[in-house]
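J.: Dropping the structure in here first, questions after.
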Amino acid sequence: MSSQPGTLIETVVGYADAVRRLTRSGDFAETELAPEFASRIEEVFGEKLTAREVVERIVSDVREQGDAAVSRYTTAFDNRDLDHFDVPREEWDVAWDTLDGDLRDALLVAATRITSFHTKQLRQSWIEPERLGIFGQIVRPLERIGIYVPGGSAALPSSLMMIAIPAKVAGVREIIISAPPRHNGGVEPVVLAAAKVSGVDRVFSIGGAQAIAAMAFGTESVPHVDKILGPGNIFVALAKQRVYGAVDIDQLAGPTETMLIADESADIELIAADMLAQAEHDFQASAILVTTSTEVARGVPKEMERQLKDLDREEIARGSLRQNGLIAKVADLGQAVALANAYAPEHLCLLVKDPWSLVPEIENAGGIFIGEQSPEALGDYTAGPSHVMPTGGTARFSSPVNVRDFQKVISIIGANERAVGELGPATMTLALAEGLGGHAAAIQRRMRRLAAGSR
């Protein structure tokens, strides 16, 4: 069994071939700019620049010139002349009141589920006395965060909610969002409605790298934040990378990805539907099937062809499957799980007879979707966990957005004289081993006083 040229999706047989096909470079790739972007950049800057060079100039200008630079780049790249960036509350209210009733209800359902899920994760400060003193941790929320929301056809009110609501649960004092301006200078109404239901405090009509820089360093209009989160294009991603250190960021998000593990019991129709749901995101999205069944491996491409004709985004889904899709036939579920752990997918869907038996073996995944009644689409909107998950293999060391992303810990050290006496010698030894005599002396002076006081 192998793929033929021109087929919808590539198929490989065997664990070794699948691992080679799915091995990641580990680099954050800066893709070649589309011709329309490249020509616009040359027009604005008077020379050809890479995306990274463009971001460096924009970030530096916004840091030094504030609103003036934001306004200039908004005019240049969004063709909008704005006299202010802050979207008035009245526009939020209008957006909410005029939103389709079913969509408004759906936003409320999602908000309730997201809030309920993340409330269970809250952690508390603790301070406990012990023999050597009083020690503990104070848990504090971040003061202010910024969320970037892409505009146009890529507007993602669900992603806004998946970030803002956990932040609200964590106790973040102020949440601001930034989104590219529409043709009339405003922000997409559904984004404003989602901001309203999520407890967002301020909305700014700014897009691109200039939005990231404004939130990172602050301008006359935009307050600086402690952390920036949210998806965006290559300019947004590079800008987040550039300002990291001045602020925290969530991740350098890559294209979305789903891996399905299926055995002979899996429903081919549902497998195909789930893979198409992933593939329709964009041309860079990856839908991957790992199966122990030859019948499933052969049947899914045929079923996807049947379902594709019903999709409005057929061209995108088809292109995604051809460029990035894969079906891997492996010998057993042990190999399937090993492949999943090696790939570390953003979403891992277990469509097998006994999915719970595999869960203890999963080491690397952004989220595990257990059984055929837990499609990724449910997790994208209303299940409760944030759908902002690690991509590009970063699930090996990072987590989905959660309450802890918006909290920091302050350590409490309230040692007593007994601690100085008992821990002092080891402390001095370690300090002297590192050549830090002043550290050792600070302990030694206290130990001498204790010794003198005991006589």
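The values are calculated or read from the model by the stated rules, or taken from the named source; none is laboratory data. Quick caveat: nothing in here was measured; it's all calculated off a predicted structure. No Cβ is skipped: glycine too gets one built from the backbone with ideal geometry, and neighbour counts run over all protein chains shown.
J.: Of the residues VAL172, VAL200, VAL190, which is touching a helix residue (DSSP H, G or I) at 6+ places or on another chain (Cβ under 9 Å) and free of Cβ contacts under 8 Å to residues at least 60 places away in the same chain?
T.: Values: VAL172 fails: free of Cβ contacts under 8 Å to residues at least 60 places away in the same chain; VAL190 fails: free of Cβ contacts under 8 Å to residues at least 60 places away in the same chain.
VAL200 is the lone residue from the list that is touching a helix residue (DSSP H, G or I) at 6+ places or on another chain (Cβ under 9 Å) and free of Cβ contacts under 8 Å to residues at least 60 places away in the same chain.
J.: Follow-up. Being assigned to a loop (DSSP other than H, G, I, E, B) and either of a type in the set (S, T, N, Q) or in contact with a strand residue (DSSP E or B) (Cβ under 6 Å, 6 or more places away or on another chain) (or both) is the filter here; which residues of region 200-221 pass it? Steps first, answer last, please.
T.: Restricting attention to region 200-221, the residues satisfying the condition of being assigned to a loop (DSSP other than H, G, I, E, B) are 200-201, 205-207, 218-221.
VAL200, ASP201, SER205, ILE206, THR219, SER221, listed by residue number.
J.: For region 308-376, give me every one of the strands (runs of 3 or more DSSP E) that falls completely inside it and has 1 or more residues that are β-branched (Val, Ile, Thr) and touching a residue at least 12 places away in the same chain (Cβ under 8 Å). Show your work before the answer.
T.: Numbers: elements: 326-329, 347-351, 367-370.
Those strands (runs of 3 or more DSSP E) span 326-329, 367-370.
J.: Please determine whether any residue of region 236-247 is without any contact (Cβ under 8 Å) to a residue 40 or more places away in the chain, out of contact with any His (no Cβ under 9 Å at 6 or more places or on another chain) and surrounded by fewer than 23 Cβ atoms within 10 Å (Cβ to Cβ).
T.: Yes, region 236-247 has at least one match.
J.: On the given criteria, is GLU64 outside any helix (DSSP H, G or I), modelled with pLDDT of 90 or more, out of contact with any strand residue (DSSP E or B) (no Cβ under 6 Å at 6 or more places or on another chain) and in the same structural domain as GLN210 (by TED's automatic domain parsing)?
T.: Numbers: outside any helix (DSSP H, G or I): no; modelled with pLDDT of 90 or more: yes; out of contact with any strand residue (DSSP E or B) (no Cβ under 6 Å at 6 or more places or on another chain): yes; in the same structural domain as GLN210 (by TED's automatic domain parsing): yes.
So GLU64 fails the test.
J.: Continuing with this model, one more query. Give me a count of the residues in region 377-404 that are of a type outside the set (D, E, K, R), more than 15 Å from THR256 (Cβ to Cβ) and without any contact (Cβ under 8 Å) to a residue 60 or more places away in the chain.
T.: 3
J.: Next question. Given (1) more than 24 Å from ALA213 (Cβ to Cβ); (2) surrounded by 13 or more Cβ atoms within 10 Å (Cβ to Cβ); (3) among the β-branched types (Val, Ile, Thr), identify the lone condition not met by ILE41.
T.: Failed condition: (1).
J.: Return the residues of region 92-108 that are over 15 Å from LEU160 (Cα atoms) and either of a type in the set (Ser, Thr, Tyr) or within 22 Å of the chain's Cα centre (by Cα) (or both); say none if nothing qualifies.
T.: Scanning region 92-108 gives a single hit, THR98.
J.: Name the residues in region 385-434 that are within 42 Å of the chain's Cα centre (by Cα), over 29 Å from PHE369 (Cα atoms) and not aliphatic (A, V, I, L, M), would you?
T.: Listed by number, the residues that qualify are LYS408, SER411, GLY414, THR427, GLU434.
J.: Out of the residues in region 230-279 meeting the condition of being touching a Ser or Thr at 6+ places or on another chain (Cβ under 9 Å) and of a type in the set (Gly, Ala, Ser), tell me which one is nearest to ARG322 (Cα to Cα).
T.: My answer is ALA279.
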